[in-house]
Amino acid sequence: MKPIVCVSSEGNDTKIVVLSKEKDGIKIRKTFSMIMSGGHEFNDPMASQSDSQSLKGMDADFNLEGIEEGAGKLASVDKNDVSFAANYFGTEELKKAEFISVVTDPVVNHHIFTGHINTNKQKTINAIIGDIAKQKNITVTPDTIDYIQIDENTLHSVFLREDNSSVNFINSWAAHNGKKYYKIASIKNSETALAHYVTKTNKFFDDDYTLIINTGHESSKLIFLKGNKLIHIGSSLEIGTHNIHTYDVYFSKILLEMENGNIPRLDNVLLAGEDKSENLVLSFYGTFPEANVTELKFNDVDITSLSEEQQENLSAFAFPIAAGIEFIEEKGSKHSGINFLPKYIVENQKMIQFGWHSMVVLPLLFAATFFFTFEILDNSKQIAEQKNEINRLKLLKAQNELIISEMDQLSAKISRFDETQAILDSATAGTEVWGNMLTGVSDFMERRRNFWISGLETNIDRTVSIKGYALNRNVLTEFADVNNSSLLNTISYEPLRDEKTYSYSLKFNLINSGAPRNEP
């Protein structure tokens, strides 16, 4: 059987329980509880009246006009709250799960019907809707109401009266995990489900009056039984664990509700919810000394998957656990409890949502589908041809780029050849100048025999510096006159061994070589 995820929201207190049907019974896989960061206040027009009636004729005159105005409209849920809860549950374990929205007041309201009970359920529901409209001036749709039979002449009906925060939470949870929706199989009532579980697992005397009290974070719920039958569901006590300062107010409200429901005494008290402390137990014994006060236990379910702390606090999840167990029993045709699923939820969970107007345009939809399919196929063919042309042009471009690259290499080689030729030409010209200069100097030295060169170096300004020695000063002057491109810089007397010699330095201008002789 698919896992069952029960989500119960009471004000800001959200509780989630995952159950599954195993071969040897029902197993509770996980429990989760949190106080949500944002709540939605509800202006209850019946704040001073009871939300339900006793089965002994207690009838309240109240008006819930506009109950349909909020149908299908879901208030927003804080994304941080959804993310916090989603991180506790793996997406794999939720893939095939069915979700149950577990609701209590002010989301639902109760109505006792004592008219003719028809064997046709739909006719009975229509009769109850008519009775509600007559007595309370409330319009209820058939998809938001269901009932259970108390005895041969009495039905206890439950109907939606405002926005369902647990359904909203489930839808936001699905969106957080990238799903369009999670399958919501049913909406179940907390009180009737818990009453059924207690009567199934406990045997009371026919004249025993039993109180099941579920203490929440913000409020407490009162359920009264006589024997093994539900007789009264009290209005919510606006007292919970976060604001309970004294049990005196607590018990005064319980006594007032007992008076409203014609409950003369309490023989048994079952504690569920957040508070099962010793102080609460002792306070009950002080107020109802003859009552047997015990904590609600779930001994018939497998809780081995839970931690020790979760097992100890299991009664805090009484509402979602009882609703899940009742749903599993209904699947096995063992019981029929409160079940309703509004049309807006059913429509939201359809894969394809069609209205009457959609059927009108359905032929146009098929025609448009054929047309666009033909266009897509034609365009796909053109796209394929264009892709082939693009690939051909890309190949041609690559070949052209290769040819251009080779041409660039040849152009570079030609350019370098021109540069080399210019250098060679320049070197050739320079070699001729050097040759002429050295030839002239060599001829002069051969004729004079008293003039020689000890050093020769080139300068940046394309001149040549010559250093050497001469045995006669006049020969240096004569050399400068013969070579019109030379400039005698220094002459100094520098005896060499026993000879009278002169050292000199002069500059030889290669560019001006061959110019007219220097004039004095």
Order of K413, K95 - criterion: other Cβ atoms within 10 Å of each residue's Cβ, fewest first: K413, K95
Where does the longest stretch of the chain lie that holds no GluC sites (Glu not before Pro) found in a DSSP loop with 15 or fewer other Cβ atoms within 10 Å? 291-520
Need the C-alpha centroid separation for the range 85-101 versus the range 309-339, integer Å. 17 Å
For the range 360-440, with +1 on Lys and Arg beta carbons and -1 on Asp and Glu, the positive-most of L438, T369, A422 along the dipole: T369
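From the square roots a ≥ b ≥ c of the eigenvalues of the alpha-carbon gyration tensor of the range 213-284, which class results: rounded (a/c under 1.5), prolate (a/b over b/c), or oblate?
Since a/c reaches 1.5 and a/b is larger than b/c, the shape of the range 213-284 is classed as prolate.
Find the Cα radius of gyration of the range 360-440, compare it with 2.2 N^0.38 Å by division, and give the number to two decimals. Numbers along the way, then the final one.
Values: Rg = 34.5 Å, N = 81, 2.2 N^0.38 = 11.7 Å.
Normalised by 2.2 N^0.38 Å, the Cα Rg of the range 360-440 equals 2.95.
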Output ³J(HN,Hα) for the range 405-416: one whole-Hz value per residue in order, computed from phi by the Karplus curve 6.51 cos²θ - 1.76 cosθ + 1.60 with θ = phi - 60°, and x for Gly and Pro. 4, 5, 5, 5, 5, 5, 4, 5, 5, 4, 4, 5
Distance in nm between pseudo-label sites at Q386 and Q399 (7 Å out along the Cβ direction from Cα): 2.5 nm
Quick one: I376, I254, I325, I460, fewest Cβ neighbours within 10 Å first, how do they rank? I460, I376, I254, I325
Over what distance in Å are the Cα centres of the range 458-481 and the range 364-419 separated? 74 Å
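Using the Cα centre of the chain as the reference point, and only Cβ charges (+1 on K/R, -1 on D/E), how large is the resulting charge dipole? Debye, rounded to the nearest 20.
Details: 51 positive and 70 negative charges, 430 e Å.
It works out to roughly 2060 debye.
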Among Y147, N339, G90, flag the residue with its Cα farthest along the positive direction of the charge dipole of the chain, charges on Cβ as +1 for Lys/Arg and -1 for Asp/Glu. G90
In whole percents, the bins of 5 Å from zero upward hold the Cα-Cα pairs of the range 271-423 as 2, 6, 6, 7, 6, 6, 6, 5, 4, 4, 4, 5, 5, 5, 5, 4, 4, 4, 3, 3, 2, 1, 1, 1, 0, 0
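About its Cα centre, how strong a charge dipole does the range 449-509 have in debye, to the nearest 20, once Lys and Arg get +1 and Asp and Glu get -1 at the Cβ?
Using only the charged Cβ atoms, the result is roughly 40 debye.
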Can you pull out the trypsin sites (Lys or Arg not before Pro) in the range 153-201 that DSSP calls coil and that have at most 16 other Cβ atoms within 10 Å? K179, K180, K183
All alpha-carbon distances of the range 449-509, grouped into 10 Å bins from 0, give the whole-percent distribution 23, 55, 20, 2
Using 20 Å as the cut-off for backbone N distance, which residues of the range 219-258 belong to the label zone defined by a point 7 Å from the Cα of N292 along Cα→Cβ? 223-231
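By DSSP, what percent of the beta bridges with both residues in the chain are antiparallel, rounded to the nearest 5?
So the antiparallel bridges in the chain amount to around 75 percent.
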Given 25 °C, 0.890 mPa s and a Kirkwood radius over Cα pairs, the Stokes-Einstein diffusion coefficient of the chain in µm²/s is 77 µm²/s
Derived scalar couplings ³J(HN,Hα) [the range 249-266; Karplus, 6.51 cos²θ - 1.76 cosθ + 1.60; whole Hz; x for Gly, Pro]: 5, 4, 6, 5, 6, 5, 5, 5, 5, 5, 5, 5, x, 6, 9, x, 7, 10
Do the alpha carbons of any pairs in K188/K297; K30/K95; K96/K350; K79/K136; K30/K221 sit beyond 26 Å of each other, and which pairs? K79/K136
Fewest-first ordering of I100, I129 by Cβ atoms within 10 Å yields I129, I100
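Efficiency by 1/(1 + (r/R0)^6): what FRET value for R447 and L410, r their Cβ-Cβ distance, R0 = 56 Å, to the nearest 0.05? Mind dumping the intermediate values first?
Working: r = 56 Å, r/R0 = 0.99.
The formula returns an efficiency of 0.50 here.
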Got a sec? Charge dipole of the chain, +1 on Cβ for Lys and Arg, -1 for Asp and Glu; which of I212, L256, V482 is way out at the positive end? V482
For the range 360-440, what is the charge dipole size about the Cα centre, in debye to the nearest 20, if Lys and Arg each add +1 at the Cβ and Asp and Glu each add -1 at the Cβ? 420 debye
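Computed FRET efficiency, Cβ-Cβ of K331 and E238, R0 41 Å: what is it to the nearest 0.05? Show your work: numbers first, answer last.
Numbers: r = 36 Å, r/R0 = 0.87.
With R0 = 41 Å, the Cβ-Cβ based efficiency is 0.70.
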Hey, rough spin-label estimate for K123 and E309, points 7 angstrom out along Cα→Cβ, what's it come to in nanometres? 5.7 nm
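A short reminder: the numbers here are calculations on the coordinates, not readings from a lab. Keep in mind that what you see is a predicted model, and the values were worked out from it rather than measured. Glycine gets a Cβ as well: all are built from the backbone with ideal geometry, and neighbour counts include every protein chain shown.
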